[in-house]
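Undergrad: I'd like to ask some things about the structure below.
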Amino acid sequence: FGGQYANFRHVTYDPFSFSGKLDALKEATGKRALPTYNFKNADVIVSLNADFLADWMGLNVSADYAGRRVPGKDMSRHIQFETNMTNTGGSADKRYRIRPSEMGAALAMLHNEIAGGSLNAGDTSLAKEIKSAAAELKKAGSRGLLVTGSNDKDIEALTIAINKALGSTAVDYNKRSHLRKGDDRAMGQLIEDMNAGRVGAVLIHNLNPAYVLAGNSKFSEGLAKVETSVYFSEKNDETARLSKFVCARHNYLESWGDAMPVDGEYSLQQPTIQPLFNTRQIED
């Protein structure tokens, strides 16, 4: 579609944003994509508010993590700094409560201890614990891994720098994950352009923006100013009620498809049931 119409742009948005992480990865690696992880390679794991045993960035690392948590000489060590109690924190060898406002200071301190430098770490009540975790990571070297749950671009930039200083083999910045691709700035520009009357047509698929962007985003107001709005949907939801055309689409169980969740891994999808109603795939 983009090849046929030169004035077309594709805007992607994740309701739970990873845009800050993606922006930092673009600057550090040249690729705006999340890395993949191999927790089997991690002897020491330090996590700052990353609940990686839950639905963390769409990646499933639980099996690799569990494989290294069998008591014995090969058991990995896990240190968790987190604000709220999580399943991941409950599984850690050491768990410390940290304020969200201390995240930057903790990362700066870890960076100074591992990669060198004199970043202004600021104040944190956990200086002793952070320095101890840094010493364990440094000793583990390439078998160490730092993960963070923040969507802050600067936090992710420090995380990347620390893992690269360690030479961590548990994180792969070349084998990318494509499960999260949202761009908050691109969505913000689209909303601004719609409200300014600079958008002639909007086609919406696999997202209910009138719901997830409710509040102060002015998406709904902007959509009302677009002459042609087309929504591909299974439901008569908030965005459907604002769109000028609604195309009833198949459920995923009725659809063909393909996927590349991470680099080098390809998958095909075929329907498991016949279409129940008068619907079509978006491609059709």
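Undergrad: Please count how many residues of region 93-103 are out of contact with any strand residue (DSSP E or B) (no Cβ under 7 Å at 6 or more places or on another chain) and assigned to a helix (DSSP H, G or I).
TA: 3
So that you can scan it fast, the table gives a plain yes or no per residue for (1) of a type in the set (Ser, Thr, Tyr); (2) part of a loop (DSSP other than H, G, I, E, B); (3) under 28 Å from GLN281 (Cα atoms):
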position: THR169; (1), (2), (3): yes, yes, no
position: ASN174; (1), (2), (3): no, no, no
position: LEU179; (1), (2), (3): no, yes, yes
position: GLY182; (1), (2), (3): no, yes, yes
position: MET187; (1), (2), (3): no, no, yes
position: ILE191; (1), (2), (3): no, no, yes
position: LEU203; (1), (2), (3): no, no, yes
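Undergrad: So the check is Cβ under 7 Å with 6+ separation or different chains; which pairs have a first residue in region 241-254 that's open to solvent by 80 Å² or more (accessible area, probe 1.4 Å) and a second one that's β-branched (Val, Ile, Thr)?
TA: From residues that are open to solvent by 80 Å² or more (accessible area, probe 1.4 Å), the pairs are LYS244/THR228; PHE245/VAL230.
Undergrad: Is it the case that PHE245 is in contact with a strand residue (DSSP E or B) (Cβ under 9 Å, 6 or more places away or on another chain) and either hydrophobic (A, V, I, L, M, F, W, C) or closer than 25 Å to LEU179 by Cβ (or both)?
TA: It is true that PHE245 is in contact with a strand residue (DSSP E or B) (Cβ under 9 Å, 6 or more places away or on another chain) and either hydrophobic (A, V, I, L, M, F, W, C) or closer than 25 Å to LEU179 by Cβ (or both).
Undergrad: Can you confirm whether region 180-202 contains a residue that is open to solvent by 60 Å² or more (accessible area, probe 1.4 Å), touching a Phe, Trp or Tyr at 6+ places or on another chain (Cβ under 9 Å) and either among the polar types (S, T, N, Q) or closer than 30 Å to GLN270 by Cβ (or both)?
TA: yes
Undergrad: Okay, next question. Among the residues of region 246-268, is there at least one that is outside any helix (DSSP H, G or I), under 19 Å from PHE8 (Cα atoms) and touching a His at 6+ places or on another chain (Cβ under 8 Å)?
TA: The answer is no; no qualifying residue exists.
Undergrad: Within region 66-81, does at least one residue satisfy the condition of being part of a loop (DSSP other than H, G, I, E, B), closer than 30 Å to MET260 by Cα and under 19 Å from the mean Cα position of the chain (by Cα)?
TA: The answer is no; no qualifying residue exists.
Undergrad: Here is a follow-up. In region 213-232, how many are surrounded by 19 or more Cβ atoms within 10 Å (Cβ to Cβ) and part of a strand (DSSP E or B)?
TA: Qualifying residue count, region 213-232: 3.
Undergrad: Restricting to region 82-92, give me the number of residues that are in contact with a helix residue (DSSP H, G or I) (Cβ under 7 Å, 6 or more places away or on another chain), part of a loop (DSSP other than H, G, I, E, B) and surrounded by 18 or more Cβ atoms within 10 Å (Cβ to Cβ).
TA: 0
Let's see how each residue does on (1) open to solvent by less than 40 Å² (accessible area, probe 1.4 Å); (2) in contact with a helix residue (DSSP H, G or I) (Cβ under 8 Å, 6 or more places away or on another chain); (3) within 30 Å of GLY72 (Cα to Cα):
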| site | (1), (2), (3) |
| --- | --- |
| PHE8 | no, no, no |
| THR12 | no, yes, no |
| ALA24 | yes, yes, no |
| PRO35 | yes, yes, yes |
| PHE39 | yes, yes, yes |
| SER47 | yes, yes, yes |
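Undergrad: In the set GLY144, GLY167, which member is under 24 Å from the mean Cα position of the chain (by Cα), within 23 Å of ALA54 (Cα to Cα) and not charged (D, E, K, R)?
TA: Going through GLY144, GLY167 in turn, just one is under 24 Å from the mean Cα position of the chain (by Cα), within 23 Å of ALA54 (Cα to Cα) and not charged (D, E, K, R): GLY144.
Undergrad: Let me ask something else. Taking THR12 as the residue in question, decide whether it is modelled with pLDDT of 95 or more, in a loop (DSSP other than H, G, I, E, B) and β-branched (Val, Ile, Thr).
TA: The answer is yes for THR12.
Undergrad: Based on this model, can you work out whether SER150 counts as part of a helix (DSSP H, G or I) and closer than 26 Å to LEU22 by Cβ?
TA: no
Undergrad: When you go through VAL262, VAL226, VAL202 one by one, which is the residue that is of a type outside the set (D, E, K, R) and closer than 30 Å to THR159 by Cα?
TA: VAL262
Undergrad: Continuing with the same structure: Taking the condition in a helix (DSSP H, G or I) and over 21 Å from the mean Cα position of the chain (by Cα), does ALA133 pass?
TA: For ALA133, the condition - in a helix (DSSP H, G or I) and over 21 Å from the mean Cα position of the chain (by Cα) - is met.
Undergrad: So, one more: Under the condition of being surrounded by 16 or more Cβ atoms within 10 Å (Cβ to Cβ) and touching a residue at least 40 places away in the same chain (Cβ under 8 Å), which residue from region 93-103 is farthest from HIS78 (Cα to Cα)?
TA: Top of the filtered list is MET103.
Undergrad: Restrict the check to region 104-126 and report whether at least one residue is open to solvent by 50 Å² or more (accessible area, probe 1.4 Å), over 16 Å from LEU166 (Cα atoms) and part of a helix (DSSP H, G or I).
TA: Within region 104-126, none of the residues are open to solvent by 50 Å² or more (accessible area, probe 1.4 Å), over 16 Å from LEU166 (Cα atoms) and part of a helix (DSSP H, G or I).
The values are calculated or read from the model by the stated rules, or taken from the named source; none is laboratory data. These numbers come from a predicted model, not from an experiment. So basically every Cβ, Gly included, is an ideal-geometry build from the backbone, and we count neighbours across all protein chains shown. Just so you know, the surface numbers come from the protein's heavy atoms only, side chains and all, with ligands and any DNA or RNA stripped out. Shrake-Rupley method; radii C 1.70, N 1.55, O 1.52, S 1.80 Å.
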